[in-house]
Amino acid sequence: MRWTITRTAPAETSGDLLVFPVFQKDDKPLLKSLLELAKGGTHKPAPGSSPMVDLKKVITTGGFSAKAESIFPVFCSRTAAGWLLLAGMGPTGELTLETIRKVAGKVATQAKAMKAARVLVHLPGPQEMLFDDRTFARCWVEGAELALSPTGVLKTGKKKDSYPRNWKFLARESIPKDLQIGVHEGEAYTAGCLLARELVNMPPNYLTPNEFASRARKMARAEGLSCTVLGVPQLKKLGMGGILAVGQGSSNPPRLIVLEHKVSGKGGASSKGKASAKGKVPSIALVGKGVTFDSGGISLKPGAGMDEMKADMGGAAAVLGAAQIVARLGLPVNLQVIIPAAENMPDGGAVKPADVITMANGKTVEVLNTDAEGRLILADALWYAGRRKPDYIIDAATLTGACVVALGSHFAGLMGTGGELIETLRQAGGETFERVWHLPLVKEHKEIMEGTWSDLQNIGGGREGGAMTAAAFLWNFVSEETAWAHLDIAGPAYSNKASAICPKGGTGFGARLLARAVQILVS
């Protein structure tokens, strides 16, 4: 999509559809500004068109109350666009960021159905909502683009979607810089989320560990990031027994993918010239679980639902999408993104239950269940991330079914050791609506993961607290001096039900959340 801003009068601006957000009071639509806009239009009506005095009657008799997320198309002959699309925003003063996204998503879907190529968006007045133009524009761009996320790209003979490609925000008097920033941020956040969705939705025979590395390298090259890919010989040299063990049963060997976004110069400017408000440029490592397909290995999963295990690289997709957002925003941060990519398969060479492996940090681990593989590859990657002693480490992973049982599909589990980092992720989750719920992580969880025949075992002794014991296993591979947070995104990473801003399939959960957290940490 192409987003621009104009300050021409709404009624006089040419387009195919003029979107007018309408707020609500006492369950009735506030139509004053809409009727003033239409009445003031000097566009010459087509012969035989309905007079403008009927507009209010058409709206009220049509049952439009401006309830949040409701939409109502109506023809208005006094506007150059002709068609108006009224978008219900709900009661004044109660508007949320996610409501803006959902409304924009429904508007985009309706515009597509109406085959509107050029869509104009009238900005609500400052007295109508609590948010500034920058925030409104960012969320509107996100909602519109995410709602029309491409699906079914591998269907033969499928025609290319003819969704609206040209959108214009109609500024009130001038084109404020904040509005331009909001559009830019919205485009960046959308791009990262769509990248994550695309990767999660790819079939596992297409997205092998090596192909994941190729796509990461391609994105890095396009965004000005560095990218290094480590193969089996390098993994052996580093002693990464976790990644190697998980990948040894597959004909597609594992990879460790490392991307970097560096700030140029000391203490201040990024590659795009922005400066850190805190003076010191923080260093942040993002680690994402990249199991491109998880059969469970020798501890084979049930057949029902195994097809969804193509999404077991949702954490890797999230951190890669976040890296793209950070790069496009030019944030002043030294960012390292680490993706352990492997395929967990059950052939004759696969790791077996009761095998003991040695991890990169030297600890020995008894593999009691080969389906608890994500923590093994993450552990090596977390050790690798800690070598540079970053200020913050955040890992994201579709790690445990236990977290889905605990929190369902609307929240990610959040655990860790960094108080400020935990609060930052909670704030970022609220703003992006990629919500997190803080779960406890204590030494007793760590003790459960102590092994009988080795330093550690890869599962706890029972079913209780599975999300926390998995996080406690990872805790052994992070320095006590480093602020660390773990996101278990097993619930929200994939959905079998479409929403206003997301088709069925990969949600891209985590890309916007992580990028927003980085943005907060460097502001």
Query - Where Leu474 falls short, out of the listed (1) farther than 14 Å from Leu382 by Cβ; (2) crowded, with 24+ Cβ neighbours inside 10 Å - result: (1)
Query raised in the report: Which condition breaks for Asp488 when tested against (1) assigned by TED's automatic domain parsing to the domain that holds Gly386; (2) touching a Lys or Arg at 6+ places or on another chain (Cβ under 7 Å)?
Result: (2)
Report summary line: If we take the range 405-515, then helices (runs of 4 or more DSSP H) inside it with 2 or more residues that are under 21 Å from Val287 (Cα atoms) and among the aromatic types (Phe, Trp, Tyr) are 466-475
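Residues checked against (1) buried (at least 23 other Cβ atoms within 10 Å of the Cβ); (2) of a type in the set (Asp, Glu); (3) in contact with a strand residue (DSSP E or B) (Cβ under 6 Å, 6 or more places away or on another chain):
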{"site": "Ala311", "(1), (2), (3)": "yes, no, yes"}
{"site": "Ala318", "(1), (2), (3)": "yes, no, yes"}
{"site": "Ala323", "(1), (2), (3)": "yes, no, yes"}
{"site": "Thr358", "(1), (2), (3)": "no, no, yes"}
{"site": "Asn361", "(1), (2), (3)": "no, no, no"}
{"site": "Arg375", "(1), (2), (3)": "yes, no, no"}
{"site": "Arg387", "(1), (2), (3)": "no, no, no"}
Query raised in the report: Quick one: would you say Thr79 is in contact with an Asp or Glu (Cβ under 7 Å, 6 or more places away or on another chain), under 25 Å from Ala147 (Cβ atoms), β-branched (Val, Ile, Thr) and modelled with pLDDT under 95?
Result: no
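How many residues are under 24 Å from the mean Cα position of the chain (by Cα) and crowded, with 22+ Cβ neighbours inside 10 Å when one looks only at the range 112-148?
Of the residues in that region, 13 qualify.
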Query raised in the report: Would you pick out the residues in the range 449-494 that are free of Cβ contacts under 8 Å to residues at least 24 places away in the same chain and in contact with a Ser or Thr (Cβ under 7 Å, 6 or more places away or on another chain)?
Result: Gly460
Query raised in the report: Has the range 389-412 got at least one residue that is within 25 Å of Ala354 (Cα to Cα), touching a Gly at 6+ places or on another chain (Cβ under 7 Å) and among the hydroxyl-bearing types (Ser, Thr, Tyr)?
Result: yes
Query raised in the report: How many of the residues making up the range 294-315 are touching a residue at least 60 places away in the same chain (Cβ under 8 Å) and among the small types (Gly, Ala, Ser)?
Result: 6
Report summary line: Of the candidates Lys497, Lys504, the one satisfying the condition of being among the charged types (D, E, K, R), touching a Ser or Thr at 6+ places or on another chain (Cβ under 8 Å) and surrounded by fewer than 20 Cβ atoms within 10 Å (Cβ to Cβ) is Lys504
Query raised in the report: Filter the range 321-339 for residues that are of a type outside the set (A, V, I, L, M, F, W, C) and in a loop (DSSP other than H, G, I, E, B); which is farthest from His184 (Cα to Cα)?
Result: Pro332
Query raised in the report: Of all residues in the range 161-203, how many are in contact with a Ser or Thr (Cβ under 7 Å, 6 or more places away or on another chain), part of a helix (DSSP H, G or I) and surrounded by fewer than 23 Cβ atoms within 10 Å (Cβ to Cβ)?
Result: 1
**Report entry** Qualifying position, being at pLDDT below 85, in a loop (DSSP other than H, G, I, E, B), more than 28 Å from Gln180 (Cα to Cα) and assigned by TED's automatic domain parsing to the domain that holds Glu128, among Gly48, Gly63
**Finding:** Gly48
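The values are calculated or read from the model by the stated rules, or taken from the named source; none is laboratory data. Keep in mind the model is a prediction, meaning the values are calculated, not measured. Cβ: placed from backbone, ideal geometry, glycine included. Neighbour counts: every protein chain shown.
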